[in-house]
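Student: The structure's right below; bear with me while I get my questions together.
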Amino acid sequence: MRERRAAYMPLCHKCGRYAEYLDVESGRWLCAKCIASIVEYKFLRGIRLAKPRRGDNLVMVCRGDLQSYYALKTLIKVEKAYEVTIEAIELAPQPLCEELCEEEGIKYCFEEAKHDTYTDFRLAVLARLRGARDPLLVMPDALEDLAVYAMSEVWLGDLRGLLLDMLFRVSYPLSGVSVKALALLEPRLAARLPPAYLLASSRELLEELSRSTPSLPYSAVEALFELTAKLRKKSIKTS
Ligand SMILES: [Zn+2]
């Protein structure tokens, strides 16, 4: 039994090549090439959900992590052909996306900052965008970021970060993509960047809980989006 298991190499559900990654959501093994195309598909679908308009100003919000870099790269790839403007703001300890923006001719602003929580980061983004003319914000948060944010900040009563969703049009195109999948697609970048999410203690908790309930991050993110959608409707009615 042990020998047979050692010889077993999972194959990609889509193309039949050797697989490297088990997608928890679908329960299927995938190779890096197929993960890349699935991530791009999910990303584009996520942007479309926010209903970008012709001539829209898409502002990629970057945090100096793998998620931000991958999101910006993909945003440029999928949106360049459309009639929209893309710009990037990066609030991070060091500039990570500057070179990419220069290469692609994209407007880029950097602000040196370090944030301990997702709420802090979102409040800094709010302060930075005060007075901006109705941009469509593209957030870098991947599945685990949003799950940690929901469980360890929003559910515990800190709702300040949700103001961002109330005041702006916001898109989360990586909300259904795991940081682990992104690390597989950008291994060199993943190796040289600081740990993927902001709070190490929350990450450990999430990983521990996900071992027994793999669908947990997905449910947490779904509940968070339900809450923001309801809050948004309510603020429209009362305003
Ligand atoms: Zn494949």
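Student: Quick check: residue separation of Lys114 and Tyr8 times 0.36 nm, minus the Cα distance between them. What number comes out in nm? Please list the in-between numbers first.
Tutor: Values: separation 106, 0.36 × 106 = 38.16 nm, distance 4.40 nm.
Extending this stretch completely gives an extra 33.8 nm.
Student: For the chain, I need the span (max minus min coordinate) of the C-alpha atoms along each principal axis, in Å, sorted largest to smallest.
Tutor: 64, 42, 33
Student: Looking at the chain only, what percent of DSSP beta bridges run antiparallel? Nearest 5 please. Numbers along the way, then the final one.
Tutor: Working: 4 of 22 bridges.
In the chain, approximately 20 percent of DSSP beta bridges are antiparallel ones.
Student: What aspartates and glutamates does Lys233 reach when the alpha-carbon gap must be under 15 Å and sequence neighbours fewer than 8 apart in one chain are set aside?
Tutor: Asp165
Student: Shifting gears a bit: Calculate I(q)/I(0) for region 9-101 by the Debye formula, one identical point scatterer on each C-alpha and no solvent, and give its log10 at q = 0.23 Å⁻¹ to two decimals.
Tutor: For region 9-101 at q = 0.23 Å⁻¹, log10 I(q)/I(0) is -1.09.
Student: Quick check on my link table: of Lys14/Lys180; Lys73/Lys107; Lys51/Lys114; Lys42/Lys114, which ones sit more than 25 Å apart, alpha carbon to alpha carbon?
Tutor: Values: Lys14/Lys180 19 Å; Lys73/Lys107 14 Å; Lys51/Lys114 31 Å; Lys42/Lys114 29 Å.
Over 25 Å apart, Cα to Cα: Lys51/Lys114; Lys42/Lys114.
Student: Measuring from label point to label point, each 7 Å out along Cα→Cβ, what is the Lys107 to Thr85 span in nm?
Tutor: For the pair Lys107/Thr85, the computed spacing is 0.4 nm.
Student: Give the shape of region 97-239 as rounded, prolate or oblate, defined through the alpha-carbon gyration tensor: a ≥ b ≥ c are the square roots of its eigenvalues, a/c under 1.5 means rounded, and otherwise the shape is prolate if a/b is larger than b/c and oblate if not.
Tutor: Values: a/c = 1.76, a/b = 1.04, b/c = 1.70.
In terms of gyration-tensor shape, oblate.
Student: Still on this structure, I have one more. Summing -39500 (n - 2.57) over the DSSP H runs of n ≥ 4 in the chain and dividing by its residue number, what mean residue ellipticity at 222 nm do you reach, to the nearest 500 deg cm²/dmol?
Tutor: Numbers: 11 runs with 117 residues, N = 239.
Rounded to the nearest 500, it is -14500 deg cm²/dmol.
Student: With label points built 7 Å along Cα→Cβ from the Cα atoms of Arg53 and Ser26, find their separation and express it in nm.
Tutor: It works out to 3.5 nm between the two label points.
Student: If you don't mind, another one. Using a basic spin-label model with each label point 7 Å from the Cα along Cα→Cβ, how many nm lie between Arg45 and Arg232?
Tutor: Each label point is offset 7 Å from its Cα along the Cβ direction, giving 1.7 nm.
Every number here is computed from the coordinates shown, using simple stated rules; none is lab data. From a predicted model like this one, the values you see are computed outputs, not experimental measurements. Glycine also receives a Cβ, built like all others from the backbone with ideal geometry; neighbour counts cover every protein chain displayed.
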